[in-house]
Amino acid sequence: MNWRTVDMSRESRRDQFAYFQTLSNPYVGVTVQVDVTELAVWCRERGTSFFLAVLYAAVRAANGVPELRRRIEDGQVVEYDECPVSFTEMKPDGSYAYCRMESARVPYEDYIAMGRVQQAAARQGGTIETDRRAESP
């Protein structure tokens, strides 16, 4: 995955990044209402995963915004060319495992197929333990 260091002295958002650097776990979340009725019908008609369809759209949209691909690493702000996504997948015993999807820069059908494989692997042998690979850079 490619990345570049961002010169924050020239960025208008430098104060926000300085604030986030002081946090021990600098994450942010957003909640919005979205009407997904048409997508739900479309997925149902095609027998495809609604969750993976939403994930595909969300990851592509987020990766389309350079500021959302930025992370604080070793005190510097870096911008990745893309960021993967990770989510939890419920295992047969009711526990959860992390599942990581590397790229949304593939055609939709390929992403859905890859997602199903990744979900199955997480259900069969995944763990809830995180490591550097399990987190989005």
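The values are calculated or read from the model by the stated rules, or taken from the named source; none is laboratory data. Remember, predicted model here, so these are calculated numbers, not experimental data. Positions of Cβ are backbone-derived with ideal geometry, glycine not excepted, and every protein chain shown enters the neighbour counts. Remember, those area values only see protein heavy atoms, side chains included, never the ligands or the DNA or RNA. Shrake-Rupley method; radii C 1.70, N 1.55, O 1.52, S 1.80 Å.
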*Residue-averaged 222 nm ellipticity for the chain, from DSSP H runs of 4+ at -39500 (n - 2.57), nearest 500*: -11500 deg cm²/dmol
*Using a cut-off of 13 Å between beta-carbons, work out the net charge of the residues near R105 (Lys and Arg +1, Asp and Glu -1, R105 not included).*
-2
*Net charge near Y96: determine it from the other residues with C-beta under 12 Å of the C-beta of Y96, scoring Lys and Arg +1 and Asp and Glu -1.*
-1
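Given a 1.4 Å probe and heavy atoms of the protein chains only, how would you sort L52, L23, largest accessible area at the top? Present the calculation step by step, with values, prior to reporting the outcome.
Values: L52 0, L23 60 Å².
Output order, biggest surface exposure first: L23, L52.
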_Euclidean distance between Cα centres, the stretch 78-108 to the stretch 12-70, Å_ = 12 Å
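Got a number for carbon plus sulfur as a percent of the chain's accessible area, 1.4 Å probe? Show your work: numbers first, answer last.
On the way: 4840 of 9430 Å².
Of all accessible area on the chain, carbon and sulfur atoms account for 51 percent.
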*Quick one: accessible surface of D93, probe radius 1.4 Å, all protein chains present, in square angstrom to the nearest 10.*
120 Å²
*For F20, what accessible area in Å² do you get when you roll a 1.4 Å probe over the heavy atoms of the protein chains, rounding to the nearest 10?*
60 Å²
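In percent, what relative contact order does the stretch 28-96 have, based on Cα pairs under 8 Å that are 6 or more apart in sequence?
Values: 32 pairs, mean separation 10.8, N = 69.
Rounded, it is 16 percent for the stretch 28-96.
Leaving out ligands and nucleic acids, and using a 1.4 Å probe, what accessible area per residue does the chain come to in Å²?
Numbers: 9430 Å² over 137 residues.
Each residue of the chain exposes 69 Å² on average to a 1.4 Å probe.
Multiply the residue gap between V41 and Y108 by 0.36 nm, knock off their C-alpha separation, and tell me the result in nm, one decimal place.
Values: separation 67, 0.36 × 67 = 24.12 nm, distance 1.68 nm.
Answer, rounded to one decimal: 22.4 nm.
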*At 10 °C and 1.306 mPa s, grab the translational diffusion coefficient of the chain from Stokes-Einstein with a Kirkwood Rh over Cα pairs, rounded to a whole number in µm² per second.*
94 µm²/s
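When the expected Rg is taken as 2.2 N^0.38 Å, what fraction or multiple of it is the alpha-carbon Rg of the stretch 14-54? Before the final figure, lay out each step's value.
Values: Rg = 17.7 Å, N = 41, 2.2 N^0.38 = 9.0 Å.
Normalised Cα radius of gyration, the stretch 14-54: 1.97.
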